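What follows is calculated from the coordinates using simple rules that are stated; it is not laboratory data. Given the structure is predicted, the values throughout are model-derived calculations rather than measurements. A quick note on method: Cβ atoms are made from the backbone with ideal geometry, for glycine too, and the neighbour counts reach across all protein chains shown.
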Ligand code: NAD
Ligand code: TDX
């Protein structure tokens, strides 16, 4: 067993977004001696409100771009780790306009790798199961860490590219880095462009939910707090150069998830619209997290999806001011795409 790494001063890129902010709340609650420096560009997906309530002595916020090498030269020295969440994260946006995905996800990761190489800082790269392409609905197999990369969308190919850069910087330059590829996250503070919050907020606004294609596509859902605890284990106890898959055995078809939301919110289970399918739409994702569970002893805490979904519905119901301002622009964008 390798000795545990105990970071005290951690840069979190993309910390004002959905998963990054949930990770920071988790660290502040569970790791008392750790200070976080957030580096976030505050794109349409970043929101400073996501960091409300974090004590001032636990966090600094830096408004900036991960592609800015001069800023990284100022910021990185003095920190002992970077956890890299910042990305353009939405598949549908990547199909409409891939360029920001190449810039932030590929060039941004390259800039960070150059900085951690220069200043010898531990790096953890957050990635997605989508780099492995998709599985058939009836296939017993799940994704394994060493599976070949077969990304389908501009988003997933940009994430795959960034993973390969990390692997190369480890092998060629000896950078101290790990990678995690996680399945679909749900929970509070997820942007209303994403599937679960879009449908919940549609219902709250009197708009019928929208289901792509035949609704049979399967996603492997994990609560974002379980993603956070897994990332911490990998950052502190993972083996350098390794890839860990993060998932909590949460496979569900989109139509089942939508019906569960409709049921929970008191609507008939056919009270939704079928809309145009996503081009290149991946059929099924499924994670085998055996390596993470066996090697690091990680276990998810949120094993009851219905319960997690109920809490998520409650969060969006109680926090209308968090999402109301961006809802109509998001729906207008979808309407233009026939979705
Ligand atoms: P998000 O879109 O909610 O947040 C992204 C954050 O990154 C925002 O705060 C944004 O302002 C910031 N950002 C974007 N470009 C930047 C730049 N150039 N410089 C600095 N900051 C920038 O994304 P998310 O859903 O929280 O995803 C976070 C990470 O997790 C991403 O790397 C994503 O690929 C990965 N991931 C997401 C999921 C999921 O289900 N959402 C699953 C697996 C992996
Ligand atoms: O309105 C919708 N209707 C619908 O049927 C939306 C927004 C989505 N969908 C479908 C498409 C997918 O099969 O729901 C599923 C989930 O869609 P998204 O929330 O867009 O997620 P996905 O494309 O699976 O990608 C997510 O998980 C992996 C994250 O957005 C990525 O950042 C992460 O890497």
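Against the chain, whose longest principal axis comes from its Cα atoms, helix 320-336 is set at around 70 degrees. Taking a ≥ b ≥ c as the square roots of the eigenvalues of the Cα gyration tensor of region 98-216, is the shape rounded (a/c under 1.5), prolate (a/b larger than b/c) or oblate? Judged from the Cα gyration tensor, region 98-216 comes out prolate (a/c at least 1.5, a/b above b/c). Most simply put, the chain has about 10% antiparallel DSSP beta bridges, counting only bridges with both residues inside it. Once you have a ≥ b ≥ c as the square roots of the Cα gyration tensor eigenvalues for region 1-138, tell me rounded if a/c is under 1.5, and otherwise prolate or oblate according to whether a/b is larger than b/c. Because its axes are fairly even, with a/c under 1.5, region 1-138 counts as rounded. Per-peptide packing, taken as the mean over residues of other Cβ atoms within 10 Å, places 278-286, 138-146 in the sequence 278-286, 138-146 from highest down.
For helix 18-30, what angle does its Cα long axis make with the longest principal axis of the chain, in degrees from 0 to 90 and rounded to 10? For 18-30 against the chain, the angle is about 60 degrees. Between region 10-74 and region 103-163, the alpha-carbon centres lie 21 Å apart. Sequence-distant contacts, meaning Cα pairs under 8 Å at least 6 residues apart, place the relative contact order of the chain at 18 percent. Roughly how tilted is helix 305-318, in degrees to the nearest 10 and between 0 and 90, from the longest Cα axis of the chain? That helix lies at roughly 90 degrees to the long axis. Mean separation of Cα pairs under 8 Å and 6 or more residues apart, divided by the residue count, gives region 30-78 a relative contact order of 44 percent. Between region 215-252 and region 165-192, how many Å separate their Cα centres? Answer, in whole Å: 10.
Once C-alpha pairs closer than 8 Å and six or more residues apart are averaged by separation and normalised to the residue number of region 180-250, the relative contact order reads 48 percent.
Maximal additional length on extending the residue 216-residue 119 stretch stands at 30.2 nm, based on 0.36 nm per residue less the C-alpha distance. When the Cα atoms of the chain are aligned to their principal axes, the ranges along those axes come out at 56, 44, 37 Å in descending order. Potential lengthening of the chain between residue 307 and residue 326 amounts to 4.2 nm, from the contour at 0.36 nm per residue minus the alpha-carbon distance. Comparing 187, 53, 33 in a Gaussian network model of the chain, where Cα atoms under 10 Å apart are tied by springs, the biggest mean-square fluctuation is seen for 53.
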